[in-house]
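Asks: What follows is a single structure, and I will ask about it in a moment.
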Amino acid sequence: MSFLNARRILVAATAAVALVSVVQATDISGAGATFPTPIYSKWADTYRKQTGVGLNYQSIGSGGGIKQIKAKTVTFGASDMPLKPDDVKESGLVQFPMIIGGAVPAVNIKGVGAGQMVLDGATIASIYLGEITKWSDARIKKLNPKLALPDTAIAPIYRSDGSGTNFLFSDYLSKASPKFKDTIGANSSVQWPTGIGAKGNEGLANMVTQTDGSIGYVEYAYAKQNKMAYTQLVNKDGKAVTPSASSFAAAAANADWAHAPAYYLILTDQAGAQSWPITGASFILVYAQPQDLAATTEALKFFNWAYKSGAQMAAELDYVPLPESVIKQVRATWKSEIKGVPALSEAATAAKRM
């Protein structure tokens, strides 16, 4: 091999390594809520194919996502429990909603299939307080007069990690039961008086599937993917409703994002005959003054693409895309509150990098 050819090979190899480094450097890092993981994964796969930019998302729960963004170890955090406006401001963060979905109670009772059992918030609260211990309890029978209920012990399953799903579920139960509100309350991490803990939506879904007589709460996509027997719920209007994209959308229909500082809105127990009572938004947290401007810009490009091109994928997994008016509001928030990032419009498209 001549010196010239060897030099050409070395230069080509060096360029290839540099290209790989550039591609790797543009990958987006985030951590947090397990609630939106199915749609974030689907978006990320499509986005990588279109742009060459990947998403390294750690599905560790909302509490972990908040800790990591505050520790500046990721470009964005994701949480289903929105931070209060004062906390957002004091932390130097910008918060905005990304997607809307629903959490569902799921049971493992022999002979009970998806959508066959009806429960309400007060009854579920009594189960998690340890007051209702058998599936044959009169209060459950009253809600299900035509359902054959066994005299099986109830095994409540709860999230052991700090999570937005915990927050949505405990917030819903706090609104349904004064005793639950006073003794347990609503938070991403609470002290459950009874039951078995499991980590993440994935872990909780697996635990319910493996435990006879159990009840748990998971994001709807996990319930469907794992063929879990999710229940109907009696909503604020006294109507028994089934979880679906349309019932999540009904709960979110009257959300007044325009007058919510830092987009702080809780969508549980909303009025409306069709409203699913455990509906929530998943939120993104980034710094107002990014430590790594290029990384934050890449993240916002991904979110902008997801708003523009990800609605159909979201619907396929029974998530509810944000209304266009809210998306425009979020883009305006990026422009006014995040320093140094370029304006991203509805017309923006992902540039091909492959």
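The values are calculated or read from the model by the stated rules, or taken from the named source; none is laboratory data. Note that the structure is a prediction, hence the values are computed from the model and not measured. With ideal geometry, Cβ positions are generated from the backbone for all residues, glycine too; neighbour counts draw on all protein chains shown. Ligands, DNA and RNA are stripped out before the accessible areas are found, and what is left, the full protein with its side chains, is counted by its heavy atoms. Shrake-Rupley method; radii C 1.70, N 1.55, O 1.52, S 1.80 Å.
Asks: Suppose a student asked you for the relative contact order of the chain, using Cα pairs under 8 Å spaced at least 6 residues apart; what percent would you report?
Replies: Averaging sequence separation for qualifying contacts and normalising by length gives 24 percent for the chain.
Asks: Can you pull the percent of the chain's accessible area that's carbon plus sulfur, 1.4 Å probe, other chains left in place?
Replies: Summing carbon and sulfur atoms, their accessible area is 53 percent of the total for the chain.
Asks: Just going by the charge dipole of region 129-273, with Lys and Arg at +1 and Asp and Glu at -1 on Cβ, which of GLY195, GLY216, THR133 is farthest out on the positive end?
Replies: THR133
Asks: Something else now. Kindly report, to the nearest 10 Å², the accessible surface of ARG48 as traced by a 1.4 Å probe over protein heavy atoms only.
Replies: Estimated to the nearest 10 Å², ARG48 gives 110 Å².
Asks: Ok, one more. Going by accessible area, probe 1.4 Å, with all protein chains left in place, what is the ranking of SER244, SER189, largest first?
Replies: The ordering from most to least exposed comes out as SER189, SER244.
Asks: Taking the alpha-carbon distance from LYS110 and a cut-off under 21 Å, which lysines remain once sequence neighbours fewer than 8 residues away in the same chain are dropped?
Replies: LYS134, LYS141, LYS142, LYS146, LYS224, LYS227
Asks: What whole-number distance in Å separates the alpha-carbon centres of region 286-306 and region 177-219?
Replies: The two parts, judged by their Cα centres, are 34 Å apart.
Asks: Before I look further, what does the chain give for accessible area per residue, probe 1.4 Å, in whole square angstrom?
Replies: Accessible area per residue, the chain: 44 Å².
Asks: Here's a follow-up. Can you tell me, using C-alpha contacts under 8 Å and at least 6 residues apart, the relative contact order of region 222-344 as a whole percent?
Replies: Result for region 222-344 is 22 percent.
Asks: Now a separate question. Determine the shape class of the chain: with a ≥ b ≥ c the square roots of the Cα gyration tensor eigenvalues, call it rounded for a/c under 1.5, and otherwise prolate if a/b is greater than b/c, oblate otherwise.
Replies: Verdict is prolate for the chain.
Asks: Let me ask something additional. Please work out the C-alpha center-to-center distance from region 310-340 to region 97-119 and express it in whole Å.
Replies: 27 Å
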